[in-house]
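Encoded as structure tokens, the structure appears first; notes follow it.
The values are calculated or read from the model by the stated rules, or taken from the named source; none is laboratory data. Remember, it's a predicted structure, so these values are computed and weren't measured experimentally. Note that each Cβ is placed from the backbone with ideal geometry, even for glycine, and that neighbours are counted across all protein chains shown. Please note that ligands, DNA and RNA were not included when accessible areas were found on the heavy atoms of the full protein model with its side chains. Shrake-Rupley method; radii C 1.70, N 1.55, O 1.52, S 1.80 Å.
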Amino acid sequence: MTTQGSADLVIVANRLPVDRVTLSDGSRRWRRSPGGLVSALEPVMRSNDGAWIGWTGVADDETDPFVDDGLWLVPVPLSAGEIEEFYEGFSNATLWPLYHDVVAKPEFHREWWDAYVRVNRRFAEKAAEIAAKDAMVWVHDYQLQLVPQMLRELRPDLRIGFFLHIPFPPTELFGQMPWRRQILEGLLGADVVGFQLSGAAQNFVRLVRQRVGHKTHRDMVYLPDGRTVQAMAFPISIDTDGFEELARSESVTERAAQIRSALGDPELVLLGIDRLDYTKGIYPRLRAWSELVADGDFSVKDSVFVQVATPSRERVEQYRILRDDIDRLVGRINGDLGRLGSPAIAYMHSSFPRHEMAALYRAADIMVVTPFRDGMNLVAKEYVACRYDNDGALVLSEFAGAANELRQAWLINPYDINGMKDAIVEAARAEPKEITRRMKAMRKQVRENDVASWANRFLEELEAARPSHSKKLRPVR
Ligand code: G6P
């Protein structure tokens, strides 16, 4: 058993919630990443001497632990080889496609698995070192599925939670994984294993019964040593109030008007914003739009599709192929259908700060979100949060976790191009009353379920999971 540290709440995630930026004078700073996760956890971390363990995103970065804006951040180094084998390899070319319905073919390499085990152990050892006695440790996402078990072996006193941000595959697909049993056992080190959807939690429990042979009942797994593990759904959300406030600000309002005018003040603006990832269904979405323009349902004179694709995992082959495919498709569509000053698609391969995202959401009449498979899809929720006038239509894939909650979207199947075209036409021609009715209901949903309530629910479950542990988190000051 490792000696304990002093943090009462430890977050373990592949990435730290900061990026290193170089200022114009050449000095280097940390900049807080825009994600909702850190803003949701910040208050509870501050009240509980919280620490966040993660990778800085840079190879061989041996930065010592540091405090940034009141948060204790603890870097875990990855070598260039580990970035290739653990991050680009096992995490993003094995697990990512396998867990997303095998949309791309997962690659199984034994050296990648070895790197995954090695890096997971490094994270677990770091958590064991800094967690106080009886502390809570919350491990995040598919890159770190072995950490719960490794950490429990080092520190049986801890309460350990795990949350998977991406889908958990059906039992038939998970069965392909050569190290399926090790992964299930890794997750079983946690007291609470959280998923986006209850179907995923059920897949996990079924797999544990089939592949590991433990007794299960509903959402509980009973281990031979008497410990229990609970598998539950906790659908993640966004900082709803923060987005709405930003959307209402004068500068975002002005910027949204500028965006529409830069687009030539069209009557209809459609918008897609995605990480450039093959799970996001960008290709069929743009094809559907191009057919609608070619068929004469819409004209480039008064409508445009704005597609933002955020660069992502650019050294992984499948992502490179996708980028070329989308570049080619957009070029062909604009070449065939665009007019001078009026492209069919305004395409940007770049990432934008929250402020610009909010302005884009404000500027768009229809948001089109069409993943083949997506754990949740926060972009859909962000769009809803920004539409405070109860206008704007959402076209949403039924294969995004968000479709479970945003039932009033125009739900589509991204494999069905005609169905997608019909939904876009319907959304574009819908009466304002109909749009308002749908948006109001969706807004109620994201207002009542924001990321802070998600985090609180998870931490409360984790506190309740082992009543024999008297230690409770201190309430937010
Ligand atoms: C998804 C995953 C996260 C990941 C993010 C960005 O949302 O669930 O764990 O951090 O994508 O991907 P990246 O590979 O850049 O960390």
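For the chain, what does -39500 (n - 2.57) per DSSP helix run (n ≥ 4), summed and divided by total residues, give at 222 nm, in deg cm²/dmol to the nearest 500?
Values: 16 runs with 187 residues, N = 477.
After summing the helix terms and dividing by residue count, I get -12000 deg cm²/dmol.
Using alpha carbons only, how many angstrom separate the centre of region 433-476 from the centre of region 233-278?
24
Carbon-plus-sulfur fraction of the accessible area of the chain, 1.4 Å probe, in percent?
47
Mean separation of Cα pairs under 8 Å and 6+ residues apart, divided by the residue count of region 233-349: what relative contact order is that in percent? Show your work: numbers first, answer last.
Details: 116 pairs, mean separation 33.7, N = 117.
Relative CO of region 233-349 lands at 29 percent.
Compute the FRET efficiency between Ser79 and Thr310 as 1/(1 + (r/R0)^6), taking r as their Cβ-Cβ distance and R0 = 25 Å, and round to the nearest 0.05. Let's see the in-between values first.
Details: r = 26 Å, r/R0 = 1.05.
My answer for the efficiency is 0.45.
Counting GluC sites (Glu not before Pro) as exposed when in a DSSP loop with at most 15 other beta carbons within 10 Å, what is the longest stretch of the chain free of them? Show your work: numbers first, answer last.
Numbers: sites that count: Glu62, Glu107, Glu267, Glu314, Glu398.
Value returned for the longest uninterrupted segment is 108-266.
Rounded to the nearest 20 debye, what is the charge dipole size of the chain about its Cα centre when +1 sits on each Lys and Arg Cβ and -1 on each Asp and Glu Cβ?
Taking the Cα centre of the chain as origin, the dipole is about 980 debye.
Once you place label points 7 Å from the Cα toward the Cβ at Asp25 and Thr171, how far apart are they in nm?
Going from the Asp25 label point to the Thr171 one covers 6.2 nm.
Please list, by residue number, every one of the trypsin sites (Lys or Arg not before Pro) in region 216-299 that is coil in DSSP and has at most 16 other beta-carbon atoms within 10 Å.
Arg218, Arg227
So if we plug the beta-carbon distance of Asp134 and Lys105 into 1/(1 + (r/R0)^6) with R0 = 56 Å, what FRET efficiency do we get, rounded to 0.05?
0.80
Against the longest alpha carbon principal axis of the chain, how many degrees, from 0 to 90 and to the nearest 10, is the axis of helix 432-448 turned?
10
Normalising by the residue count of the chain, find the relative contact order in percent from Cα pairs under 8 Å and 6+ residues apart.
15
Considering only DSSP beta bridges whose two residues both sit in the chain, what percent are antiparallel, to the nearest 5?
Numbers: 15 of 63 bridges.
Looking only at bridges with both residues in the chain, the antiparallel portion is about 25 percent.
Taking a ≥ b ≥ c as the square roots of the Cα gyration tensor eigenvalues, with a/c under 1.5 meaning rounded and otherwise prolate when a/b beats b/c, else oblate, which class fits region 240-448?
It comes out rounded by the Cα gyration axes.
Rounded to the nearest 0.05, what FRET efficiency do Ser299 and Gln258 have when you use their Cβ-Cβ distance and R0 = 22 Å? Kindly include the intermediate steps, with their values, before the conclusion.
Numbers: r = 23 Å, r/R0 = 1.05.
According to the calculation, E is roughly 0.40.
What accessible area per residue comes out for the chain, rounded to a whole number of Å², with a 1.4 Å probe?
Ligands and nucleic acids excluded, the result is 42 Å² per residue.
How big is the accessible area of Met348 in square angstrom, nearest 10, if you roll a 1.4 angstrom probe over the protein chains?
Roughly 60 Å² of Met348 is accessible to a 1.4 Å probe.
If the only charges are +1 at each Lys and Arg Cβ and -1 at each Asp and Glu Cβ, what is the size of the charge dipole of region 328-437 around the Cα centre, to the nearest 20 debye?
About 240 debye.
Zone of Arg323 (label point 7 Å along Cα→Cβ, backbone N under 11 Å): which residues in region 272-287?
Inside the label zone: 276.
Run the numbers on region 240-448 and let me know its relative contact order in percent, using alpha-carbon pairs under 8 Å that are six or more apart.
It comes to 25 percent, rounded to a whole number.
Could you please state, rounded to a whole Å, how far the C-alpha centre of region 8-78 is from the C-alpha centre of region 369-393?
Centre-to-centre (Cα) distance: 27 Å.
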